[in-house]
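Below is one structure; the comments refer to it alone.
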Amino acid sequence: MLAELSPKLIAEVQRAAKLLATKSRICVLTGAGVSAESGIPTFRDKQTGLWQHYRAEDLATPTAFERDPKLVWSWYQWRRQLVHDKTPNPAHLALAEWQQDAKKNKQSFTLITQNVDDLHEQAGSTVTHLHGHLWRNRCHDCGTPFQNEVAAWDSSKEAINFDDELVTCQHCDGYIRPDIVWFGEALPGQAWQTAEDAAANCEVFISVGTSSLVYPAAGLAHLAKQNGAKLIEINPDPTPNTIVDITLAVKAGVVMPLLLQQVIALS
Ligand code: OAD
């Protein structure tokens, strides 16, 4: 596998592995890029098909839903359809294996994601979701969770209803929406606390597949750095983030298994 990478990149992977092998508190933040190799477009990718004239940033807002709930609901139903048959790629699998190894060795390995898909869970990870869950719904007005076949997804995704028709809340008649954090909304308190604690206490913070543009999630790397952590970024198109110590400019699905292999070899 190493042969696929340039000598410079191999040296960087080895530098990262050496650093990681000596540390026992690791925090990983993933973004849309970690799911790209599973076939899920990232947010910065141009939308396709029916939605090519819309920007994700204009649909993922409470104002957009209040103005045109059917449009926003339809977009999420389309996204669900896009994602429902996708499976974890080698990056998700390596992260799950790493987390399980860390648990066995009584080390701390916290996985935080901005993604609303469930590919980390499918791979076997325990993960904190900062931006909610694509497969859950709740009332936009009273917040009551809505249980239907979309919410009650269990692995028989064939049975999911992707109907575009709006659904209303049994309690208050408000519209049901995806249980996702939209632009301008607060992050779930417990998830954010877990993320802040892990970032502030880790020795190495790894950003995987995120443009690091959306706050507060993007601030976690800064919090880690302020508390003395080293920063590793994995992104084929590295961000202009000047606080990063090691950049692995390669696809996560290529480099994550390799990095894990090297860390295990050195531990
Ligand atoms: P973005 O779409 O902003 O960024 C994805 C990043 O992944 C880019 O920097 C790509 O270069 C990188 N990338 C692409 N393919 C990759 C691969 N195979 N391996 C590694 N990296 C790869 O996604 P996020 O940073 O996750 O919020 O976006 C953050 C938030 O903004 C999202 O959670 C979403 C969005 O709008 C909400 O929906 C609230």
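Just to confirm a number: summing +1 for Lys and Arg and -1 for Asp and Glu over residues other than L5 whose beta-carbon lies under 12 angstrom from that of L5, what do you get? It would help to have the intermediate numbers written out before the result.
Values: positive: K8, K251; negative: E4, E12.
Neighbourhood net charge equals 0.
Give me the percent of accessible area attributable to carbon and sulfur for the chain, probe 1.4 angstrom. The C+S portion of the solvent-accessible surface of the chain is 51 percent. Toward the positive end of the charge dipole of the chain, with +1 on the Cβ of Lys and Arg and -1 on the Cβ of Asp and Glu, the farthest Cα among P145, I234, V127 is that of I234. Longest stretch of the chain clear of exposed loop sites (GluC sites (Glu not before Pro), DSSP loop, at most 15 other Cβ atoms within 10 Å, sites excluded): 1-148.
Taking Cα pairs under 8 Å and at least six residues apart, what relative contact order does segment 17-146 come out at, in percent? Before the final figure, lay out each step's value.
On the way: 147 pairs, mean separation 35.2, N = 130.
Reported relative contact order: 27 percent.
When the Cα centres of segment 226-263 and segment 163-222 are compared, how far apart do they sit, in Å? Rounded to whole Å, the Cα centres lie 22 Å apart.
What accessible area per residue comes out for the chain, rounded to a whole number of Å², with a 1.4 Å probe?
Values: 12830 Å² over 267 residues.
Result: 48 Å² per residue.
With a Förster radius of 41 Å, plug the Cβ-Cβ distance of K18 and E165 into 1/(1 + (r/R0)^6) and report the FRET value to the nearest 0.05. Step by step, r from the Cβ atoms, then E = 0.15. Using C-alpha pairs below 8 Å separated by at least 6 residues, the relative contact order for the chain is 26 percent.
Helices that extend 15 Å or more along their long axis by alpha-carbon positions and average at least 1.6 on the Kyte-Doolittle scale are, among the DSSP H runs of the chain, 252-266.
Nothing charged except the Cβ atoms of Lys and Arg (+1) and of Asp and Glu (-1): what's the magnitude of the dipole of segment 177-267 about its Cα centre? Round to the nearest 20 debye. If you can, show how the numbers build up before the last one.
On the way: 4 positive and 8 negative charges, 32 e Å.
Taking the Cα centre of segment 177-267 as origin, the dipole is about 160 debye.
If the segment from Q81 to D45 were pulled out straight at 0.36 nm per residue, it would be longer than the present Cα-Cα gap by 11.2 nm.
Tell me, in nm to one decimal, what length is gained between R25 and Q107 on full extension, where the rule is 0.36 nm per residue of separation less the Cα-Cα distance?
Details: separation 82, 0.36 × 82 = 29.52 nm, distance 0.63 nm.
Gain on extension, R25 to Q107, equals 28.9 nm.
Excluding the site residues themselves, the longest part of the chain lacking any trypsin sites (Lys or Arg not before Pro) in a DSSP loop with at most 13 other Cβ atoms within 10 Å is 107-267.
Cross-link reach is defined here as a Cα-Cα straight distance under 21 Å, omitting same-chain residues fewer than 8 places apart; for K18 the lysines meeting it are K8, K103, K104, K106, K225, K230, K251. If a spin label sat at a point 7 angstrom from the Cα of A11 along the line to its beta carbon, the backbone N atoms of segment 209-245 nearer than 17 Å would be those of 245.
Placing unit charges on each Cβ (+1 for Lys and Arg, -1 for Asp and Glu) gives segment 25-68 a dipole about its Cα centre, and among L59, L29, I40 the Cα reaching farthest toward its positive end belongs to L29.
The values are calculated or read from the model by the stated rules, or taken from the named source; none is laboratory data. Nothing here was measured: the structure is a model prediction, and the numbers come from that model. Glycine gets a Cβ as well: all are built from the backbone with ideal geometry, and neighbour counts include every protein chain shown. Each accessible area value is taken on the protein alone, full model and side chains, heavy atoms only, with ligands, DNA and RNA left out. Shrake-Rupley method; radii C 1.70, N 1.55, O 1.52, S 1.80 Å.
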